[in-house]
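K.L.:
One structure follows; several queries about it will come next.
The values are calculated or read from the model by the stated rules, or taken from the named source; none is laboratory data. Note that the coordinates shown come from a computational prediction; the quantities given were computed from them, not determined experimentally. With ideal geometry, Cβ positions are generated from the backbone for all residues, glycine too; neighbour counts draw on all protein chains shown. The area values use the complete protein model at the heavy-atom level, side chains included, leaving out ligands, DNA and RNA. Shrake-Rupley method; radii C 1.70, N 1.55, O 1.52, S 1.80 Å.
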Amino acid sequence: LVGSEMCIRDRERVQSLPLDKLEPFPNHPFKVIDDDKMLETVESIKERGVLVPILVRPKNDGNFEIVSGHRRHHASQLAGLTEIPAIVREMDDDTAILLMVDSNLQREELLPSEKAFAYKMKLDAMKRQTGRKPKENDSRIGNHFDTRKSSDVLAEQTGDSKNQIFRYIRLTYLVPDLLDRVDNKTMAFNAAVEVSYLTESEQLMLCDAIEREECTPNLSQAKRLKQFRQDGKLDENVCLLYTSPS
């Protein structure tokens with residue numbers, strides 16, 4: 001850290017903020033679920049409080065936007081707290097997106113939908129930052145002049161290949177019903193990627209066929225559906241045919 005950014009960090013301190021003054025990050029891609037792990041977090045907070053402060057940024061209306069710590073915020077609400085320790089940091093939208101995504105990608109278990117939207121948000125932010133002219137003494141200057149593509153950098157950071165990252169991002173084109181099926185493992189990931197190339201109306205038509213046949217298309221069937229779509233021949237009968245148990 002150099003220059004003005006170091007001065008800002010030096011002035012940062014942990015402070016207690018009212019829970020009702022905190023708002024979730026817009027389009028936060030990570031689900032906050034009342035599962036067993038959440039209950040464990042609630043019990044831990046009841047016994048020892050929130051040990052790791054959340055990270056927030058101030059809003060113009062006097063409230064704060066959570067960048068990192070959505071689960072701790074929710075657990076604190078369930079534990080009956082009214083305040084939570086937080087670090088308040090001024091940051092632009094793209095910097096906030098990168099911090100928000102990175103703080104959650106470290107979790108051991110992520111749903112395909114969480115990875116999909118997180119990768120998309122981070123890649124878009126990285127592309128915008130790469131194309132932005134850096135200010136003098138900007139500590140991120142190396143990122144701005146990195147000649148590698150943002151997708152190459154993201155692949156290096158996450159351990160997923162570029163192709164796999166883009167396959168995850170394809171899931172963001174699925175209608176909610178199909179995306180839920182990927183998350184609950186009733187539809188295979190690779191088949192869902194192929195289906196994502198169907199239009200929204202075609203996907204809804206496929207959803208109806210899946211409900212009627214009580215079966216989701218396998219990879220081979222999904223590829224055939226995609227081909228029918230490209231040939232302009234996809235209809236209800238085709239959807240029913242290629243969702244039938246093989």
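K.L.:
Would you confirm whether any residue within region 223-245 is under 21 Å from Leu111 (Cβ atoms) and either touching a residue at least 40 places away in the same chain (Cβ under 8 Å) or in contact with a helix residue (DSSP H, G or I) (Cβ under 9 Å, 6 or more places away or on another chain) (or both)?
P.N.:
No, region 223-245 contains no residue that is under 21 Å from Leu111 (Cβ atoms) and either touching a residue at least 40 places away in the same chain (Cβ under 8 Å) or in contact with a helix residue (DSSP H, G or I) (Cβ under 9 Å, 6 or more places away or on another chain) (or both).
K.L.:
If I go through region 55-85 residue by residue, how many of them are assigned to a strand (DSSP E or B) and open to solvent by 60 Å² or more (accessible area, probe 1.4 Å)?
P.N.:
1
So that you can scan it fast, the table gives a plain yes or no per residue for (1) assigned to a loop (DSSP other than H, G, I, E, B); (2) among the hydroxyl-bearing types (Ser, Thr, Tyr); (3) open to solvent by 90 Å² or more (accessible area, probe 1.4 Å); (4) modelled with pLDDT of 70 or more:
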| position | (1), (2), (3), (4) |
| --- | --- |
| Glu109 | yes, no, yes, yes |
| Ser113 | no, yes, no, yes |
| Ala118 | no, no, no, yes |
| Asp124 | no, no, no, yes |
| Asp146 | yes, no, no, no |
| Leu154 | no, no, no, yes |
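K.L.:
Which pairs have Cβ atoms under 6 Å, sit 6 or more apart or on different chains, and link a residue in region 11-37 that is among the hydroxyl-bearing types (Ser, Thr, Tyr) to one that is in a strand (DSSP E or B) and open to solvent by 80 Å² or more (accessible area, probe 1.4 Å)?
P.N.:
Between residues of region 11-37 that are among the hydroxyl-bearing types (Ser, Thr, Tyr) and residues that are in a strand (DSSP E or B) and open to solvent by 80 Å² or more (accessible area, probe 1.4 Å), the close pairs are Ser16/Glu83.
K.L.:
With the checklist (1) touching a residue at least 60 places away in the same chain (Cβ under 8 Å); (2) buried (at least 18 other Cβ atoms within 10 Å of the Cβ); (3) not small (Gly, Ala, Ser) in hand, flag the one item Phe189 doesn't pass.
P.N.:
Here Phe189 clears every test but (2).
K.L.:
Could you please find all residues in region 86-99 being in contact with a Lys or Arg (Cβ under 9 Å, 6 or more places away or on another chain) and surrounded by 15 or more Cβ atoms within 10 Å (Cβ to Cβ)?
P.N.:
Across region 86-99, the qualifying residues are Ile87, Val88, Arg89, Met91, Asp94, Thr95, Ala96, Ile97, Leu98, Leu99.
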